[in-house]
Amino acid sequence: MPALQIRDLPQGTYDALKLRAEREHRSLAQQAEEEERQARIAKRKALFAEIDAAPKIDIPDDFPTSAEIVRELRDSR
């Protein structure tokens, strides 16, 4: 079973985490892991939204493929 040790955690944060863990029938460690996972998912979604909002670039038909660019870079060494 995984273990979690956090030093100097503010009491309010501990109490909130403990309450959420109890509501979800999880241990403190499992709850902390789940919240970290949810934070990573939210960060990833924000990044994808930022990418989607970026201006689109028209690539010319004669532009080399990524494989051709890599091959050219390797051959130039």
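The values are calculated or read from the model by the stated rules, or taken from the named source; none is laboratory data. All of these numbers come straight from a predicted model, not from anything done at the bench. For neighbour counting, all protein chains shown are included, and Cβ atoms are generated from backbone atoms with ideal geometry for every residue, glycine included. The protein model used for the area step is the full one, side chains on, heavy atoms only, and it has no ligands, DNA or RNA in it. Shrake-Rupley method; radii C 1.70, N 1.55, O 1.52, S 1.80 Å.
Okay, residues lined up against (1) of a type in the set (D, E, K, R); (2) surrounded by 10 or more Cβ atoms within 10 Å (Cβ to Cβ); (3) outside any helix (DSSP H, G or I):
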{"position": "33", "(1), (2), (3)": "yes, yes, no"}
{"position": "38", "(1), (2), (3)": "no, yes, no"}
{"position": "42", "(1), (2), (3)": "no, yes, no"}
{"position": "51", "(1), (2), (3)": "no, no, no"}
{"position": "55", "(1), (2), (3)": "no, no, yes"}
{"position": "61", "(1), (2), (3)": "yes, no, yes"}
{"position": "74", "(1), (2), (3)": "yes, no, no"}
**Request:** Note down all Cβ pairs under 9 Å where the first residue falls in the range 36-50 and is at negative phi, the second is of a type outside the set (A, V, I, L, M, F, W, C) and open to solvent by less than 100 Å² (accessible area, probe 1.4 Å), and they're at least six residues apart or on different chains.
**Result:** none
